[in-house]
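Structure, as structure tokens:
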2 protein chains.
Amino acid sequence: MSTTAPLRAVKRAFNFNAGPAALPLPVLERIREELLDYRGTGMSVMELSHRSAEFEAINNAAEQNLRRLLAIPEEYAVIFVQGGGSMQFTMAPMNLCLPGKPVDVLHTGMWTAKAIGELKKGVLHNIAASTEAEKFARLPRREEIKLSPDASYTYICSNNTIEGTQYTELPASAAPLVADMSSDIASRPMDVSKFGLIFAGAQKNLGPSGVTVVIVRKDLAERADKNLPSLLQYRTHIKEKSLYHTPPTFAVYVLSLVTEWIAGEGGLAGMQKRNEAKAKLLYHTIEDSNGFYRCPVEKSSRSLMNVVFRVAGGDEAVEKQFAKDATAASLIGTPGHRSVGGMRISLYNAVGLDAVEALTGFMREFQRTRA
Amino acid sequence: MSTTAPLRAVKRAFNFNAGPAALPLPVLERIREELLDYRGTGMSVMELSHRSAEFEAINNAAEQNLRRLLAIPEEYAVIFVQGGGSMQFTMAPMNLCLPGKPVDVLHTGMWTAKAIGELKKGVLHNIAASTEAEKFARLPRREEIKLSPDASYTYICSNNTIEGTQYTELPASAAPLVADMSSDIASRPMDVSKFGLIFAGAQKNLGPSGVTVVIVRKDLAERADKNLPSLLQYRTHIKEKSLYHTPPTFAVYVLSLVTEWIAGEGGLAGMQKRNEAKAKLLYHTIEDSNGFYRCPVEKSSRSLMNVVFRVAGGDEAVEKQFAKDATAASLIGTPGHRSVGGMRISLYNAVGLDAVEALTGFMREFQRTRA
């Protein structure tokens with residue numbers, strides 16, 4: 001029962017996918033190295049019992065890594081659940097709504113629209129601000145936000161992947177702030193104590209798809225009716241340390257490795273530096289193109305994670321060619337979301353500056369051959 | 001960006017875990033081979049967009065492999081969701097209950113107890129049979145089952161992992177039969193047309209944890225209130241071919257490989273032959289031990305998937321030693337569920353006859369040194 005297989009050399013692409021997205025190469029190499037035998041167990045991580053000491057250690061490492069990286073205060077629970085952000089659109093109101101007290105929503109794009117779609121199924125809510133009239137090309141200004149006096153919570157999407165916007169300053173809110181942080185969690189230092197609940201699908205900055213990180217103030221998790229389905233109550237997962245039922249063990253394992261990698265790269269301050277350098281280079285290339293490339297997003301709202309731009313005044317044929325030529329140059333995932341068109345470059349933690357250098361070199365060359 | 005790392009030789013354990021459980025070695029080797037570069041894409045499967053042609057092909061292959069293996073009729077949808085069997089304890093009644101019409105449940109162990117626990121939160125239901133008085137050491141007899149005249153559906157757990165029981169004959173039911181088939185799906189040929197809904201966490205016979213297979217008659221999925229959370233409606237996933245939101249892409253990929261492996265091993269008839277041979281050898285070893293090993297399950301109800309037994313009249317110190325010595329002999333996962341004690345050997349598809357031969361050899365030797 002011994003096995004070694006020779007592995008071929010591989011050529012890696014530059015991956016700008018919006019999620020699932022690039023993972024750090026050292027993490028992938030580690031996964032490969034221990035895929036058939038997790039640290040002398042004679043089993044793959046996927047074959048370990050979720051009740052084994054080995055998996056318990058992985059589960060704890062994933063939680064503790066996140067606690068250290070994000071400096072999560074003791075009064076917050078960190079749990080791993082399934083269903084992605086979409087499930088949280090249902091779980092957040094189910095667990096956190098108080099009778100007669102609305103959810104205040106800052107509407108900033110397609111992902112808040114999805115959350116609102118679920119609230120519309122019977123949850124009292126209030127659109128406290130919306131930039132839909134400006135096609136979500138910026139985030140709401142402080143003076144535009146009309147919060148309720150008695151909200152259950154205030155809801156935001158901290159980074160809007162499709163529209164390319166990201167909060168730098170959080171809205172002031174007396175009610176607990178709930179954030180869909182799927183696309184910028186762990187990309188920069190942040191103050192968890194400003195939030196009541198943070199959730200994030202792992203598949204952008206933290207790991208593969210299939211596991212969702214929930215950081216919730218423990219007292220808020222106690223708001224939930226105990227008659228809710230067990231799996232849809234945060235308290236169930238808090239109590240059982242994410243082991244109430246069989247967790248997505250492999251995804252949690254990869255998350256533990258990615259968070260370990262982040263720590264080794266300087267933690268969130270290191271990520272911020274890295275992410276700012278990448279975004280700066282790309283936005284600069286856009287600004288420096290004499291209008292051939294154009295970012296529709298107002299400068300103060302621009303995302304470090306997802307850079308959206310149009311090519312040649314939004315000429316769809318040229319944009320299609322851009323994506324095609326980029327793919328041929330091993331620059332993957334450049335088209336914008338199908339709902340808005342244009343280009344979108346996702347610059348999550350695992351995307352290297354070398355990838356952005358390759359991309360911006362390609363952009364200059366693409367422009368040169370068209371101009 | 002080229003990378004090759006030398007891999008060390010690995011020694012594989014004999015894995016009798018109850019789930020997550022053993023995976024076929026050729027599948028693990030294939031995963032390892034393409035981990036850094038999925039078929040020339042320059043990306044890991046985990047890094048592919050779920051909207052890419054490559055992942056769409058994986059998603060389709062997973063579905064089509066299951067359709068072929070299980071001979072699933074056209075009027076059934078096959079979808080991949082998150083949350084495991086536990087989420088289905090909520091989704092099944094949410095989607096399939098008709099007003100005023102109860103769920104008939106055949107109560108056969110801890111997993112039906114969990115399902116009943118969720119029904120107790122406001123779903124009309126009827127315990128149509130229970131073998132709790134016999135400590136679930138057998139399944140209900142035909143004449144014991146008292147079905148309602150107007151049930152929304154009849155609920156069973158086809159294989160009870162903890163108690164070691166498995167249906168060979170399905171209960172007759174005019175109402176649609178709904179089965180938690182988590183621990184014996186794809187382990188033997190079965191007639192899908194006898195069911196209204198089948199669900200199964202993949203982590204026993206089909207892949208890793210983190211993805212749940214749901215096979216549902218399309219007309220039944222239309223019973224659901226459209227005001228339910230989108231993610232909790234089967235129809236959402238049916239309509240979007242399991243791509244309504246980001247799926248657990250890696251888990252679906254592994255499932256596609258495992259189902260391909262099953263097909264190559266003779267399909268479900270091949271699995272049945274394999275599984276019967278393993279179970280026969282193990283039950284024979286138990287029966288042949290002059291009572292040193294004893295299976296508490298009535299013969300007609302014994303499972304091919306999970307073989308439970310006591311050692312030395314249920315002497316817990318001896319059973320603990322058994323598990324300890326087994327682990328030392330690379331026989332992993334022999335203790336019974338913590339709620340019942342004793343031993344439990346899980347013989348899912350990927351467990352080889354060689355593993356059972358090693359185990360039964362160990363059992364005879366363990367008995368010899370104690371007798």
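The values are calculated or read from the model by the stated rules, or taken from the named source; none is laboratory data. Not measured: the values here are computed from a predicted model. Glycine gets a Cβ as well: all are built from the backbone with ideal geometry, and neighbour counts include every protein chain shown. The protein model used for the area step is the full one, side chains on, heavy atoms only, and it has no ligands, DNA or RNA in it. Shrake-Rupley method; radii C 1.70, N 1.55, O 1.52, S 1.80 Å.
Structure above, values below:
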item	result
Taking the C-alpha atoms of chain B, convex hull volume expressed per residue in Å³	141 Å³
Value of relative contact order over chain B, rounded to a whole percent, pairs C-alpha under 8 Å and six or more apart	22 percent
Spatial separation of Cα centroids for segment A:36-54 and segment B:147-169, in angstrom	32 Å
√(5λ) per eigenvalue of the Cα gyration tensor, segment A:224-371, largest first, Å	38, 19, 15
Listed pairs B:Lys120/B:Lys273; A:Lys204/B:Lys241; A:Lys101/B:Lys218; A:Lys320/B:Lys226; B:Lys101/B:Lys204; B:Lys11/B:Lys324 exceeding 28 Å between Cα atoms	B:Lys120/B:Lys273; A:Lys101/B:Lys218; A:Lys320/B:Lys226; B:Lys101/B:Lys204
Nearby aspartates and glutamates by direct alpha-carbon distance to A:Lys146 (threshold 14 angstrom, same-chain neighbours under 8 apart not counted)	A:Asp104
Gyration tensor (Cα) of segment B:171-245, equivalent ellipsoid semi-axes in angstrom	22, 18, 9
Relative frequency of Cα-Cα separations exceeding 24 Å in segment A:93-223, percent	24 percent
Rg and Dmax [Cα atoms of segment B:1-156; Å; Rg one decimal, Dmax integer]	22.1, 68
Equivalent ellipsoid semi-axes - Cα gyration tensor, segment A:323-371, angstrom	17, 16, 9
Residue range of chain A that is longest and free of trypsin sites (Lys or Arg not before Pro) which are both DSSP loop and sparsely packed (at most 13 other C-beta within 10 Å)	A:227-337
At 1.002 mPa s and 20 °C, Stokes D of segment B:195-305 from Kirkwood alpha-carbon radius, µm² per second	125 µm²/s
Point-charge dipole on Cβ atoms (K/R +1, D/E -1) for chain B, about Cα centre, debye to 20	440 debye
Within the accessible area of the protein assembly as shown (1.4 Å probe), percent carbon and sulfur	52 percent
Relative contact order, percent, segment A:45-188 [alpha-carbon distance under 8 Å, six or more residues apart]	20 percent
Where B meets A: accessible area buried, both sides, 1.4 Å probe, Å²	6500 Å²
Heavy-atom accessible area per residue - segment A:196-342, 1.4 Å, Å²	38 Å²
Charge dipole (chain A, unit charges on Cβ, about Cα centre) - positive-most of A:Thr168, A:Phe14, A:Leu232	A:Phe14
Distribution of pairwise C-alpha distances over segment A:277-356, 10 Å bins, in %	18, 55, 26, 1
Size descriptor, Kirkwood hydrodynamic radius, that averages inverse alpha-carbon separations across segment A:83-147, Å	12.4 Å
Percent of alpha-carbon pairs separated by more than 13 Å within segment B:231-286	72 percent
Overall form of segment B:44-111 per C-alpha gyration tensor (a/c, 1.5; a/b vs b/c)	prolate
Pair-distance profile P(r), taking every C-alpha pair of the protein assembly as shown, with 10 angstrom steps and integer %	3, 14, 24, 25, 19, 10, 4, 1, 0
Inter-part distance where segment A:62-112 and segment A:264-285 are each reduced to a Cα centre, Å	26 Å
Electrostatic dipole magnitude of the protein assembly as shown [Cβ: Lys, Arg +1; Asp, Glu -1; Cα centre; debye, to 20]	20 debye
Inter-copy label distances at B:Ala329 (7 Å, Cα→Cβ; nm, one decimal)	6.3
